[in-house]
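Inspection log for the structure reproduced underneath, given as structure tokens.
The values are calculated or read from the model by the stated rules, or taken from the named source; none is laboratory data. The shown structure was predicted, so the numbers you read here are calculated from the model rather than taken from an experiment. For neighbour counting, all protein chains shown are included, and Cβ atoms are generated from backbone atoms with ideal geometry for every residue, glycine included.
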Amino acid sequence: MQLLPDCLYHIYNQGNNQETIFYTREDYLNFLQHTREKVLPHCQIIAYCLMPNHFHFLINTTQKSINPVKLGSLSSTSLNNAFRLLLSGYANEFNKKRGRTGSLFRQKNKFKNLESTNENYPFICFHYIHQNPFVAKLCSKMEDWEFSSFSDYLGIRSGTLMTKRLAYDLIGISQHDFYEESYQVIDESKIKFLYDE
């Protein structure tokens, strides 16, 4: 997929055969550290959520995101390559720790451009990402799930992985109504658009 600069994308992937990719708190934190080192220099992260067998990011691309990168005879972008390095680096450590071999993630990350319709899909995606652990019944309140950016927006944690200002400026997230908006049910038909066909 061709990435465009200054666009909002839903980026996601899951464990191969829907396998678990995070078993311990250390696994989650290790993945976030890899994200900070490998992905953050190439884009602006607006929201994220890590789930036991998959992950979601809402990012804003920059000019740096689309810089060409040569991988042997193949061409890529710096952001695509950053996510490739994130997954391979994490998978290598994960496999070594568990005496495991083989692919941990599905082969390709999915990048869904959210700016191709009149609907406010970036707004929907932002809340959908944070609702994942709540809908999956992994927590009774979204702020109880440690591995998403929800608590940072709520103001009970001050993480630096994402750029909160962009949620307010580009997506129209309201600081005042954030908590109430976060728990609104999202129509299933709108969730389908957040994913690549």
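Just one of the listed residues (196, 187) is more than 15 Å from the chain's Cα centre (by Cα) and not small (Gly, Ala, Ser), namely 187. If the condition is being out of contact with any Phe, Trp or Tyr (no Cβ under 6 Å at 6 or more places or on another chain), modelled with pLDDT of 95 or more and of a type in the set (A, V, I, L, M), then the stretch 72-91 contributes 79, 82, 85, 86, 91. Within the stretch 95-103, is even one residue under 24 Å from residue 168 (Cβ atoms), at pLDDT 95 or above and surrounded by 14 or more Cβ atoms within 10 Å (Cβ to Cβ)? The answer is no; no qualifying residue exists.
Pairing residues of the stretch 172-197 that are touching a residue at least 40 places away in the same chain (Cβ under 8 Å) and assigned to a loop (DSSP other than H, G, I, E, B) with residues that are small (Gly, Ala, Ser) and surrounded by 12 or more Cβ atoms within 10 Å (Cβ to Cβ), at Cβ distances under 7 Å and at least 6 apart in sequence or on separate chains, gives 173/167. The strands (runs of 3 or more DSSP E) found wholly in the stretch 1-107 and carrying at least 2 residues that are under 19 Å from residue 128 (Cβ atoms) and in contact (Cβ under 8 Å) with a residue 12 or more places away in the chain occupy 8-14, 43-51, 54-61. The set of residues in the stretch 97-117 that are closer than 20 Å to residue 54 by Cα and either among the hydroxyl-bearing types (Ser, Thr, Tyr) or over 19 Å from the mean Cα position of the chain (by Cα) (or both) comprises 97, 98, 100, 101, 102, 103. For the stretch 181-197, a residue qualifies if it is aromatic (Phe, Trp, Tyr) and surrounded by 14 or more Cβ atoms within 10 Å (Cβ to Cβ), and exactly one does: 193. Residue count for the stretch 34-66 under the criterion of being of a type in the set (D, E, K, R), touching a helix residue (DSSP H, G or I) at 6+ places or on another chain (Cβ under 7 Å) and closer than 28 Å to residue 136 by Cβ: the result is 1.
Yes/no per residue for (1) basic (Lys, Arg); (2) touching a strand residue (DSSP E or B) at 6+ places or on another chain (Cβ under 9 Å); (3) buried (at least 20 other Cβ atoms within 10 Å of the Cβ); (4) at pLDDT 95 or above:
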position: 23; (1), (2), (3), (4): no, no, no, yes
position: 26; (1), (2), (3), (4): no, no, no, yes
position: 31; (1), (2), (3), (4): no, yes, yes, yes
position: 39; (1), (2), (3), (4): no, yes, yes, yes
position: 42; (1), (2), (3), (4): no, yes, yes, yes
position: 51; (1), (2), (3), (4): no, yes, yes, yes
position: 57; (1), (2), (3), (4): no, yes, yes, yes
position: 67; (1), (2), (3), (4): no, yes, no, yes
position: 70; (1), (2), (3), (4): yes, yes, no, no
